[in-house]
Each structure stands twice: as structure tokens, then as C-alpha cells.
Number of protein chains: 4
Amino acid sequence: MPEIDLNCDMGEGSGAGTTGSDAELLRHVTSANIACGFHAGDPMVMQHTVRLARDAGVVIGAHPGFPDLQGFGRRPMQLTPHDVHAQTLYQIGALQAIARAEGATVVHVKPHGALYNMAAQDDALADAIADAVRCADASLLLFGLSGSALIRAGMRAGLRTVSEVFADRTYQADGTLTPRSRADALHHEAARAVEQVLAFVHHGTVTATDGTVVRVQADTVCLHGDGPHAADFARALRAALADANVTVRATPR
Amino acid sequence: MPEIDLNCDMGEGSGAGTTGSDAELLRHVTSANIACGFHAGDPMVMQHTVRLARDAGVVIGAHPGFPDLQGFGRRPMQLTPHDVHAQTLYQIGALQAIARAEGATVVHVKPHGALYNMAAQDDALADAIADAVRCADASLLLFGLSGSALIRAGMRAGLRTVSEVFADRTYQADGTLTPRSRADALHHEAARAVEQVLAFVHHGTVTATDGTVVRVQADTVCLHGDGPHAADFARALRAALADANVTVRATPR
Amino acid sequence: MPEIDLNCDMGEGSGAGTTGSDAELLRHVTSANIACGFHAGDPMVMQHTVRLARDAGVVIGAHPGFPDLQGFGRRPMQLTPHDVHAQTLYQIGALQAIARAEGATVVHVKPHGALYNMAAQDDALADAIADAVRCADASLLLFGLSGSALIRAGMRAGLRTVSEVFADRTYQADGTLTPRSRADALHHEAARAVEQVLAFVHHGTVTATDGTVVRVQADTVCLHGDGPHAADFARALRAALADANVTVRATPR
Amino acid sequence: MPEIDLNCDMGEGSGAGTTGSDAELLRHVTSANIACGFHAGDPMVMQHTVRLARDAGVVIGAHPGFPDLQGFGRRPMQLTPHDVHAQTLYQIGALQAIARAEGATVVHVKPHGALYNMAAQDDALADAIADAVRCADASLLLFGLSGSALIRAGMRAGLRTVSEVFADRTYQADGTLTPRSRADALHHEAARAVEQVLAFVHHGTVTATDGTVVRVQADTVCLHGDGPHAADFARALRAALADANVTVRATPR
């Protein structure tokens, strides 16, 4: 029976800002990537989100990003691998201690935003992240874009890796994501996104925008948690997977 | 014909966090207090909010706070008057330049959160704020809690002051606000808040929780912008004031 | 043979700011309290300082503070015990991960600045810190002002506590520190500070400013690392302790 | 009689970090570029530095940078021109208000670090900065690298521009700076730097590392303020210019 993990970014509020639907989303996903205070979140929000995830039985991961609250970590920064190594360790360690205090455990690490995208292509950056994860806890799982430099770096570091695909992003014939600058970068209808996920799960393929069928490795599917309809979409996808007899569960540690 | 100003805090998002209903609220209020990056907001959000307010014909004010994004400026900090003076100037000046670039003008200053509350009682802090406002632009209006140390400091500094009352907070027999720690601190029904505002406007009085009728000076009414029903309440209050033939407009500069 | 620990705050630079003499100070002290990014320091400075301390054979501790870079954590903030708990865990965890990556271990925790002073007197704040330390690692030592609420909270939490005295601060007849606002708050001559430390070590007493001899419990002596003569003083004190046959070493874990 | 301006970055401390020699440097330079809180500095340090410069009769400029305290604004960030526009306005306005309160005036703007370097080559970024300067105050002078995109953008915006050369950086045959990654990027002897400055001033030329004599436009010379010998070098350069009958003064507004 086919299996898949559903992951979602969480705990992205801080101070005045809240993203609101975390509690609802946690009813539908199996892995939560918790912001660690650099691009979003803060110690109090992290503690709250860890409790929500723990109580919902959802696996907890660290979601380190660039130190850029104003830009929500989506603005590329040119940091040395040394800086990225130290900043990644800092963020993972902070969440580990907060989780420990709540009787919970950090199980995986998924970089955020521009850090995620740059680490998908830059081997030195990817190695810095993978080594930081290994130093923090060699049993941590490393989430990265399917086929990316980050997944390869995780393997080099001896980590278990989890390849990620996207439910609502479209793909190119070479297996890369359609850039966000293009009009057809996103699936706007839930039905199309569900269809794409089912194809991943059942056939290990995705149909590119030009009709090419591409093989894609998929251990986990990323749902975006910040849109107004995030919870609705998560519910619909979860239901469709149940109908298709797909087991939804976190990657075993 | 009686007049009143309706003011509301705005631009409190940053990065991932948005508070969402600013555009809607601007249809109902006459003064916007824009966060300046210390407790909330950032340069991009400030620019966006200035444009929204300018286009809606709503008067723009600076809303300086403590440097505490995590605590949204609601956590008291013990700063020297010297520090508060410099931080207040910094925030006002930042908004002035952003407003200038948009062909808009900063007309008033209203401290935020814990800074507002502390300046209502601490003369040295209040003087530091009033002097910073005067140094930034002596024609700026200073908003403060009716009857507070901040209003007195503004007068000492030669500023024009605007006394503020609250629509949804209850009052004590001595004219102070009921502390938030008490169960009866807030009016939960819009009708009661509207009733309180109409009494301010028509009679210059408020009825305290023990039934005492207290005289209160009121130039502007603060609406809270961050609850889920903020826009609904603003609309209802605006309609009630129209029915009562009260002119809603910003204090003339 | 009498023993004492010498501790010093370290890693307080960030970006443009450096405090410079850390490498020199590490030749003379036995415990290093490393800033964790909230009042000073950042991940890169933390990593650098951990390496310096490890290579010098100096014991590593976390030095959590209020989130106030502008005020260097010396400005009191009124946070809930819940907020302090989360913020303390966050900072300790961040340093633990960075230390782990360098083959080093965080052995103790000492709060910084206003947090240290407030936790010396406020039981609820002290309990929040002690519980955060216990949750992060129950074998951590908790450093606090001799005779303070923080030491008592550490005992209640089942932690091993380390009582701290100051070399260059003067004392009152009731055993408290002379407030910094008074002219005689500090020993300005190294000889007097050395004399005070030797009295602690040999007799467990300190002579107050009015001549009263007071009993004071002393496991560790705090040296200030940020003055221009910090390293000179550390060298002189270390030499004086050697002459007096006092063993200088960190409190065994 | 030839003239030149000497400018230096100032006010780069914050919290624990101080760079110390500002007061001494102000005796030798004629323009001070004051950090505005994003890459260094804070409102209190800005106020202090404005007072020092004002009292020394040194012209005050804003020194906006990327929002990156950890990296001291030296790490490239990919921001949209829109973001840079808003962030530059914010920083200039903040310093303008602080200067106004001290009876001083902001006369010029010089971007810092990675923002300066990127704006030297990227027209869209340079236009965003120039437009922000113009919006803040159209009479502000814009400092930029001699021959750079930023100088051209300033001209397009109708600003008066000030072309900058470096005393201690070496040049290439095409007039660009030798990259810092190369061993011969810097003059390490003060005598060579003084010689280079005198050639700028008297002949409008610089001798490149390969011996080529290159024409370079020079209105102002940047001294670095953060090395241990910064003040010594400033004093030596100032004395050499006096001996050579060069007038050292700020560009008239």
C-alpha cells in the first residue's frame, strides 16, 4: 500500500502577526516544520506550536531560515557556508531545547525559503546545512527538494534524507519547478493539485506543463500553510488520499 | 454640531505576519496610527500603509513603540528618558521620510502599547516623548490618554494635544480605565461601546462600572484594529455616529 | 587547600562590535559565560568563542539575557515567567548545539544583566529560569548571586547551584551589593578587589563599606570582561591567588 | 589651490559593541557617514555621534545599509528595488529627525558595505537609492564610487553627486578596485596611501597595480574608521595634505 508524508510550515507568527490556521492544519498533516525565530517565529510561538503539534501527534521538525524577519526569509542572502553552518545549528538547537521541555523531539530539519532554494543548487551551502544537521543530531532526517543538491549533501553527510515534492507547483520537462515568475507556476484548482499528488504516489511521475511525463522521487508532499484556503486544501487532499487507499504518515525515523 | 475623530492602529504586519483588515478599516476611521518598525511594521509595510491611508483620505500619524517585536511592544521596558527620546525621534523621522516620498504628511504621534501606558503615568517619560515630538516637528499633534501625564507633558512642550478615550474599555469612578486583569475591563457588545462613545460626544461623560458618571475629555476615540471583528465594529460605530448627527473628522492641524 | 572558580562574560561582540580581549582573558579564568544572541553575540561569534574556550580548557556556560541588543540586556523588561522560560530555553539550546558541533559541552548557565538582577529578587522569574535550565539539561549548574532568589529557585528545581560574588563591587552590612548609583559601589584599585577575593576564599567573609564583617558564600568570582583593563586585572588576581596557594578551578560538574 | 573632502564611517557601535575612536577621527575628517541602525548603530549611538560630529564641525551624512546586524551589512542581499527604496528612506529619515533635534543637518548620503558595492554595478538598485535620497531631501548630496552606476543614477535623479576614491585600496588598469580577494588589494603602508591620495588630488590619476596610469575623478577620499590604526592614519594623511597645500573641506552643499 502506497505511503506519503504531508508536511506544512508552522509557527510563522510573532508579536502582532499570527498565521492563524496552525491548529486546524495539524489535523491534516503528518509533519510540521516549525520556524525558529530567524525568518519568523519566536521562543513563545515555538513553544506554543510544539505543544500543538505534540498534542496532535504530528512529527516536529526545525525550519531554519535566513536572519530576515522583514523579508520572511524569502530574500536571497550571500552568506558564507561557515555563517550558514553556525546559524543552522543555532536554530536547530533552540528548537531542540524547547521541544525537550515539552516532552517532544525534533525529528527532521527543512530549510526555509531562499535558504531552501539556494541549497537546492549550491553544493557548498548544502554541505554546510547537512553538516550542521549532522552535528546537531546525526539521527535527524533532512528534508530537501527532490533531486536537489541538498539531498545529495545529506547523503554525503550520512543523513537519512526525505525528498520533497509540491502539491500546488507545476513542473518542467527537466523535472524542475516552473519558476514563480511564470503564469503557469501554480495549480490554482485543488483538483489539479490532488491529481498531481496521486500521480506522485502511485506512479512516481509528474506531468510537466508541456505534457512530458517525468519521473520524480517523492517521500513527502509540501502543503503551503499561509494562504487563506490552506486548511481547506489540506482537508481535501487528505480525504482524496484516504479514498485512494494511500497511507498518510511521517517518514519513520 | 458635535465632532469626534476615530483613530486606529495600522500597519502592524511584517514579513509573514499581516493583520489584514487595514484597507477595510480605513473606510471608517479618520486617523491612522502607523507602526514604525520597533514593535511591528517595517519600511515596506509602512510605505504600503501610508499609500492606503493617503488614498483613503485618512490622516497619518506615527505610532512609535518599544523595540520589542517579540512582545509587540506590550511588555514594559525600563528605559531612560534619554533612550526613549532618541528612539521616538528615530521612529517619527523614519515615517516622515516615507510619507514625504508618497506626497503625504505625518500629522500626529501616538505612542504604542506599554510605552503609551507608562507615559500616561510617568512624567519624565512623558516629557521625553513630548520633547522628541516637538523636535521632530513642533506642529505635530500629540495623542495621549485623556487626563494623562502625556497630555500634560505635551502642553508643557507647547504641543497641541489630542485626548483619547476608548470605545470598548470600561472606566472606574476616578476616570481611569478598568485594568485589563479584571473581568469587566471590556465592553463585549458593540451596542454598549457605541453607547459609551455617544455619551462622550454628547455629554463629555462616561458611566463607570459602579454607575458613577464621570466627566471625560474626548477629542478622539481609539478603535482596536486587531480583533477579528474590528472592521465590523468600526462600520457600526461610524453608522451610529452618522445617525446621531455627529461629524466624524480628524482634529484639524 | 581553598578553591575558587573565576568566571567572565565572553562573546559579546556582533557584526561591527567586538570586545576584543576574550582570547587574553581565557588565559586567566576558569569559566566562560557566552552570550547567546539576545543581548549580544550571534551564531558566528558564539561558535568562535566556544572554540577559544575549548582550546583554552575553560569551562563553557550559557549567558542568556533579555532580547535587547540596543540596551545590551541591561534595561529591565517586564516579561511573564512564561516568556522568560521560553526565551531561556531557546538561548541555552542554541549554544548547546553550537558547542556540540565543536566537541564541547555547555556546563553552566548564568543569566545576564537585568535578567540576572531581577531573578535575584523575583521568585517567579527565578523559578522560570531554573525550570528552563532543568528542562534543557538537569545536570547543568546554575550560577546566581550569592544568597539570591535565583540560588533558592535552583535548589527547589533540584539543580546544583554555584553562588557568585564580585571582585570589584562593594558590599553593604546586610550582605547586598552597594547599588551602582552610589559613589562607593566599586573598588577602583585592583589591590582592594584582590583583598576582597582573598577574604572570601579564606574566611567566607566580606567587609562592608561601613566596616561590618559579613558572611558570604562564594563558589565563583565574577570578573568583568568589558573594561579596558579587564585582562590586566584578571592576570593580577590570578597571580595573587597563586601566591596565596588558592586553587583556581571550575566547579566540578 | 586643490581641495579634497575626507570622509569616514562612524557610529558603528550598538549595545556592547563600540568602535571607540570616533571622537579622535572627527579631528581629522570633514564628512562623517553615520550608521542608521540597520547594519550597525542604534538611536542612542546615532544621537551621540551626531553631537560629536556637530561639535567637531564635521559634516553629517546618513550611511544606510542592509538590515543585517550579524553581518555588519557586508553580506549581499537580493532585495527588490522597491524594498531598497523603502529601507533607504526609513534610515535617512530616522537620522534626519535625530539630527534636527540636535540643531544639525544631514547633508549627504552614502550607502554602506554590500549595498554600496551592489549599487555601484546595478542600475535598478542605484536608481532606487537615488530616488529615495531625492524624496527624502532633493538637496542631499549622494556619495558613490567614482565612475559607478550609483553616481550615474544620482545624476539621472537630478542630485548633486560626490565621487569617492579610496586611500588604501589599489586599482586596476580599467579603473576598478582590485578585488579584496587578491593579495595586492590594499596598501598596507600609510606612505603609499598618502602618495595615492596626493596623485588623485594633484593629477586626477591613480597608478594601477600593473603600472598603468588611470584617470580617476575624486571629490572625496574614504578613510576606514574601524582598524586599530585608523586615527593614526587619518592624522598622517591630514598632515601630508597640509604639507602639500591641499585644502581639506567638505563638498559645499
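No lab work stands behind these numbers, since they all come straight from the coordinates. What you see is a predicted model; the values in this text were computed from it and never measured. Glycine also receives a Cβ, built like all others from the backbone with ideal geometry; neighbour counts cover every protein chain displayed.
Can you find, among B:Gly15, B:Gln87, B:Ile98, the residue farthest towards the positive end of the dipole of the range B:3-118? Put +1 on the C-beta of Lys and Arg, -1 on that of Asp and Glu.
The Cα lying farthest towards the positive end belongs to B:Gln87.
Suppose every K and R has +1 on its Cβ and every D and E has -1 on its Cβ; what is the size of the dipole of the protein assembly as shown about the Cα centre, in Debye to the nearest 20?
Computed charge dipole of the protein assembly as shown: roughly 0 debye.
Quick one: what are the phi-derived ³J(HN,Hα) couplings along the range C:245-253, Karplus 6.51/-1.76/1.60 with θ = phi - 60°, whole Hz, x for glycine and proline?
Listing the rounded values in order: 6, 9, 7, 9, 7, 5, 4, x, 6 Hz.
Just checking the output field for C:32-44: average partner chain Cβ neighbours within 10 Å of each residue's Cβ?
4
State, to one decimal in nm and shortest first, how far the label point of B:Thr176 sits from each corresponding label point in the other identical copies (label point: 7 angstrom along Cα-to-Cβ).
2.5, 6.4, 6.7
Taking a label point 7 Å from Cα toward Cβ, how far is D:Asp210 from its twins in the other copies, in nm, shortest first?
Here the equivalent label points are 4.3, 8.2, 9.0 nm apart from this one.
Which one of D:Phe166, D:Ala62, D:Ala35 has its Cα pushed farthest toward the positive end of the charge dipole of chain D, where Lys and Arg give +1 and Asp and Glu give -1 at the Cβ?
D:Ala62
Could you work out Rg/(2.2 N^0.38 Å) for the range A:46-172, with Rg from alpha carbons only?
Cα-based Rg divided by the globular estimate yields 1.02.
More than 50 Å apart: what percent of Cα pairs in the protein assembly as shown qualify?
Of the Cα pairs, 27 percent sit more than 50 Å apart.
Alpha carbon centre of the range B:118-178 versus the range C:187-253: separation in Å?
What the calculation gives is 49 Å, centre to centre.
Would you please name the trypsin sites (Lys or Arg not before Pro) within the range A:150-196 that are DSSP coil residues with at most 12 other C-beta atoms within 10 Å of their C-beta?
Passing sites in the range A:150-196 are A:Arg180, A:Arg182.
Which of D:Val162, D:Val214, D:Val133 ends up with the largest GNM mean-square fluctuation for chain D, with Cα atoms connected below 10 Å?
Between D:Val162, D:Val214, D:Val133, it is D:Val214 that shows the largest mean-square fluctuation.
Antiparallel DSSP bridges in the protein assembly as shown: what percent, to the nearest 5?
Rounded to the nearest five, the antiparallel share is 20 percent.
Just to confirm the filter: which GluC sites (Glu not before Pro) across the range A:144-253 are DSSP coil and have at most 12 other Cβ within 10 angstrom of their Cβ?
Those satisfying the criteria are A:Glu189.
Taking amide hydrogens as modeled 1.01 Å from N in the peptide plane, which residues meet the under 5 Å criterion relative to A:Thr161, leaving out close sequence neighbours?
Here the answer is A:Leu142, since their amide H atoms fall under 5 Å of that of A:Thr161.
7 Å from Cα along Cα→Cβ at both D:Ala199 and B:Ala56: what's the point-to-point distance in nm?
For D:Ala199 paired with B:Ala56, the spin-label model returns 6.1 nm.
Restricted to Cα positions, what overall size does chain A have along the principal axes? Three whole-Å values, descending.
Principal-axis extents of chain A (Cα, largest first): 44, 37, 34 Å.
Average the reciprocal distances over every distinct pair of alpha-carbons in the range B:139-237, invert the result, and give the Kirkwood radius in Å.
14.2 Å is the Kirkwood radius here.
Under 5 Å between amide H atoms, partner at least 5 residues away or on a different chain: which partners does B:His187 have, H built in plane at 1.01 Å?
HN-HN under 5 Å from B:His187: B:Arg169, B:Thr170.
I'd like to verify something in chain A: which complete DSSP H helices, judged by Cα projection on the helix axis, reach 27 Å or more and average at least 0.0 on the Kyte-Doolittle scale?
Flagged H segments are A:81-101.
Once phi is turned into ³J(HN,Hα) by the Karplus curve 6.51 cos²θ - 1.76 cosθ + 1.60 with θ = phi - 60°, what whole-Hz value does each residue of the range B:176-189 show in order, with x for glycine and proline?
With the stated coefficients, the range B:176-189 comes to 8, 6, 5, x, 4, 6, 8, 5, 9, 6, 10, 7, 8, 9 Hz.
How big is the C-alpha Rg of the range C:141-185 next to the rule-of-thumb value 2.2 N^0.38 Å, as a ratio?
1.32
Give me the percent relative contact order of chain A, please, defined on Cα pairs under 8 angstrom at least 6 residues apart.
In percent, rounded to a whole number, it is 22.
With charges only on Cβ, +1 for K and R and -1 for D and E, what is the dipole size of the range B:3-248 about its Cα centre, in debye, rounded to 20?
The calculated dipole for the range B:3-248 is roughly 220 debye.
In whole Hz, with x marking every Gly and Pro, tabulate ³J(HN,Hα) for the range D:138-144 from phi via Karplus 6.51 cos²θ - 1.76 cosθ + 1.60, θ = phi - 60°.
The phi angles translate into 5, 8, 5, 8, 10, 8, x Hz.
Using the 7 Å Cα-to-Cβ label point, sort the distances from C:Thr105 to its equivalents in the other copies shortest first and give them in nm to one decimal.
2.1, 6.5, 6.8
How about the range D:18-73: which trypsin sites (Lys or Arg not before Pro) there lie in a loop by DSSP and see at most 10 other Cβ atoms within 10 Å?
Filter output for the range D:18-73: empty list.
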